[in-house]
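A short write-up of the structure that comes next.
The values are calculated or read from the model by the stated rules, or taken from the named source; none is laboratory data. Fair warning: this is a prediction, and the values are worked out from it, not measured in the lab. In this analysis, Cβ positions are derived from the backbone assuming ideal geometry, glycine residues included, and neighbour counts consider all displayed protein chains. Remember, those area values only see protein heavy atoms, side chains included, never the ligands or the DNA or RNA. Shrake-Rupley method; radii C 1.70, N 1.55, O 1.52, S 1.80 Å.
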Amino acid sequence: SRIVSRNLGAARRFYAATARHVGLAIIEAQEDGFTLGRLSDMSSPVLKVKALTATDLLQEETPQTHPAHVAFEAPDDFSVRAFFRAAMEAGGRQLGYPAPQPTSGRYSYYAAKVIDPDGNCIECGWRH
């Protein structure tokens, strides 16, 4: 997945704080963005975050900053709650408090949803 950020510093703080609760870390950082992934498999990025530049704004009347929905898989319900707390402390906004979610499948689903500093819906869930 790839998202665009209007405030890369805020996005970096948000994702650095929340990523570790789902087994992720910033595995690559540049001046214009960063990449989240697993330290055990750095060749397979999970999420790329790029800065929205002035050139992007000039080239397009409507830059591609539409809110995205990104979901991370958690190993357990404790990790979902830890992710949610870290997101709230790092500038996220509550969209869905950690709780069991309705499903139509054979597995139960426990999840939380937050809005990141750029308005993207970030979901953290555990299937069991």
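Starting from residues that are among the hydroxyl-bearing types (Ser, Thr, Tyr) and modelled with pLDDT of 95 or more, keep the ones in segment 1-30 and report whichever is farthest from Arg127 (Cα to Cα).
Looking at residues that are among the hydroxyl-bearing types (Ser, Thr, Tyr) and modelled with pLDDT of 95 or more, I get Tyr15.
Pairs please, first residue from segment 1-25 and under 19 Å from Arg93 (Cβ atoms) and assigned to a helix (DSSP H, G or I), second anywhere and among the hydrophobic types (A, V, I, L, M, F, W, C) and open to solvent by 30 Å² or more (accessible area, probe 1.4 Å), Cβ atoms under 6 Å, 6+ apart in sequence or on different chains.
Within 6 Å, the pairs are Ala16/Ile26.
Could you list all residues from segment 31-66 that are polar (S, T, N, Q) and modelled with pLDDT under 95?
If the condition is that a residue be polar (S, T, N, Q) and modelled with pLDDT under 95, then Ser40, Ser43, Ser44, Thr53, Thr55, Gln59, Thr62, Gln64, Thr65 are the ones that fit.
Which residue out of Gly105, Gly96, Gly125 is modelled with pLDDT under 90 and over 21 Å from Leu8 (Cβ atoms)?
Exactly one residue qualifies, and that residue is Gly105.
Looking at (1) in a loop (DSSP other than H, G, I, E, B); (2) in contact with a strand residue (DSSP E or B) (Cβ under 6 Å, 6 or more places away or on another chain); (3) at pLDDT 95 or above, can you tell me which one Pro75 breaks?
(2)
Can you confirm whether segment 91-100 contains a residue that is in a strand (DSSP E or B), open to solvent by less than 30 Å² (accessible area, probe 1.4 Å) and touching a Ser or Thr at 6+ places or on another chain (Cβ under 8 Å)?
Scanning segment 91-100 turns up no residue that is in a strand (DSSP E or B), open to solvent by less than 30 Å² (accessible area, probe 1.4 Å) and touching a Ser or Thr at 6+ places or on another chain (Cβ under 8 Å).
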